[in-house]
Amino acid sequence: MAHSSARGRLIAVIGDEDTCTGFLMGGIGEVNRHRQPNFLVVDKATSIAEIEDGFKALVTRDDIAIILINQHIAEMIRHIIDVYTQPIPAVLEIPSKEHPYDPAKDSILRRARGMFSAEDLR
Amino acid sequence: MEDSDQLDKVCRQLDQLVLDLFNTLDSLYSEQANLDLQMKDGYLQMSKARYTMGNKAVSSLQYDTRNMQAVVKVDAVAPSVDGGGNDYVFSLVKCGEKGEGIAPSGGEGDATSKGLRHRNVKSENVKDSGSSDQHDRSKKEEDETCELENKESTENEKCANDNKKKSEDKVSSKKENNSAVRCYDPLKWFGVLVPQSLRQSQTDFKKAIETACKIAELRTNLEKTRMKYGSLLQQKKELQAEQ
């Protein structure tokens, strides 16, 4: 019985202003010694390249356990999220104020649905 | 014959995995619905707070990025390495819970507990002195009790001194913990007297964080089940090809 743990990892958030404000009010926000925040506020001016860079930076940090990302923003960088398969940090798609959550777009649920092909069920 | 037995076994395992998968999916969908509701309420309350405080009073400009520290963290524990390191259990660690119930204001609870102990000792003395002054008719009885108390007090003094030393040590260690883990309320970024709706929004988002933690665990379970299913399916195909 192997036991591996990392005590007190962070929850990161990539989202619109309301989502980030809400979750930071919940107490997940942290700016580390290198002045790197664990959140990224995406507005109209934020380019897709910036979101990609922000996501890659959060994924490579070892002090983050969960990344929350608004589903409409995840759609913008779907090509990166689809190939990401690491269990830690876990990427969670969440609804936003204007875009409700759609399970059909969620990468993990799509993968789960793809488990059953017609050939397998014969 | 052995092959067919093994095939049966693999098929049964596959069936069990599919059942597990649907159970996980069921709870995942329900938790996701919970998260939707909590976040929707949070957004609504935040909008209400904006209406009260002004449009720019609740925005990213108010974040205190100079000394921002996470109050809520996550423990990601892998109890076993059977699932190829995919089996993680996520549990929330709140600031107060880490240091054995540290008060969010930083050490007030310990100070009061220490104060209470002193106050009890003093109050007993005060009570004794007060009662001797006020109740003259029961003087004799009190003298007797005082004598008994004096006898006991000599014995108790030693224990009390030891306890005091221990408690002081504990208090000093707790104070060190307090200084290490200081909790603060992010709501204060938006002012000291914030509207109730903003507080409600904070509560909703705190609940959403807890739900997100559960969802993360369910998703890792789902991934683990999916990978196991894939490998078993491959095994089944190989066995079928052999037959």
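Report, in degrees rounded to the nearest 10, the 0 to 90 angle that the Cα long axis of helix A:48-60 makes with the longest principal axis of chain A. Here the helix axis deviates by roughly 90 degrees. Once R0 is set to 56 Å, what does the formula 1/(1 + (r/R0)^6) return for the Cβ-Cβ distance between B:TYR51 and B:ASP3, expressed as a FRET efficiency to the nearest 0.05? Working from the Cβ atoms, E equals 0.20.
Annotation for A:THR46 and A:GLU98: the two label points, set 7 Å from Cα along the Cα-Cβ direction, are 1.4 nm apart.
For segment A:30-40, 3J(HN,Hα) computed residue by residue from phi via the Karplus equation (6.51, -1.76, 1.60; θ = phi - 60°) reads 8, 10, 7, 4, 8, 6, 9, x, 9, 9, 9 Hz, glycine and proline entered as x. The base-10 log of I(q)/I(0) for segment A:10-113, evaluated at q = 0.10, 0.13, 0.18 Å⁻¹, reads -0.25, -0.42, -0.84 [Debye formula, identical scatterers on Cα atoms, solvent excluded].
Placing a label point 7 Å from the Cα of A:ARG61 along the Cα-to-Cβ direction, the residues of segment A:21-38 with a backbone N closer than 12 Å are A:28-38.
Restricting to DSSP loop positions (anything but H, G, I, E, B) with no more than 14 other Cβ atoms inside 10 Å of their own Cβ, which trypsin sites (Lys or Arg not before Pro) remain in segment B:2-70?
Details: sites: B:LYS9, B:ARG12, B:LYS40, B:LYS48, B:ARG50, B:LYS56, B:ARG66; in loops: B:LYS56, B:ARG66.
Listed in order of number, the matching sites are B:LYS56, B:ARG66.
For chain A, modelled as a GNM whose springs connect Cα atoms under 10 angstrom apart, the maximal fluctuation among A:SER47, A:SER96, A:SER107 occurs at A:SER47. Efficiency by 1/(1 + (r/R0)^6): what FRET value for B:GLN13 and B:LYS94, r their Cβ-Cβ distance, R0 = 35 Å, to the nearest 0.05? Rounded to the nearest 0.05, the efficiency is 0.35.
In sequence order, segment A:87-98 has phi-based couplings of x, 10, x, 7, 9, 10, 8, 10, x, 10, 5, 9 Hz under the Karplus curve 6.51 cos²θ - 1.76 cosθ + 1.60, θ = phi - 60°, and Gly or Pro positions carry x.
Starting from 0.36 nm per residue, how many nanometres of slack lie between B:LEU187 and B:ALA241 once their C-alpha separation is accounted for?
Values: separation 54, 0.36 × 54 = 19.44 nm, distance 6.33 nm.
The B:LEU187-B:ALA241 span can extend by a further 13.1 nm.
Run the dipole for segment A:10-113 about the Cα centre, Lys and Arg Cβ at +1, Asp and Glu Cβ at -1, nothing else charged, and hand back the magnitude in debye, nearest 20. The calculation lands at about 280 debye. Per-residue 3J(HN,Hα) values for segment B:226-243, derived from phi via the Karplus relation 6.51 cos²θ - 1.76 cosθ + 1.60 with θ = phi - 60°, read 4, 5, 4, 4, x, 5, 5, 4, 4, 4, 5, 4, 4, 5, 5, 5, 5, 6 Hz in sequence order (x marks Gly and Pro). Ordering B:THR203, A:THR85 from the fewest to the most neighbouring beta carbons within 10 Å gives A:THR85, B:THR203.
Sites listed here are GluC sites (Glu not before Pro) in segment A:62-103 whose DSSP assignment is loop and whose Cβ has at most 14 other Cβ atoms within 10 Å: A:GLU98.
Restricting to DSSP H runs of at least four residues, report the calculated mean residue ellipticity at 222 nm for chain A, -39500 (n - 2.57) per run over all residues, nearest 500 deg cm²/dmol.
The helix-only estimate for chain A comes to -9000 deg cm²/dmol at 222 nm.
Among beta bridges identified by DSSP and lying wholly in segment A:10-113, the antiparallel ones come to about 5 percent.
Read the figures in this text as sums done on the coordinates, not as results from a lab. Note that the structure is predicted; figures quoted are calculated from it, not measured. Cβ sites come from the backbone with ideal geometry, for glycine too, and all protein chains shown count toward neighbours.
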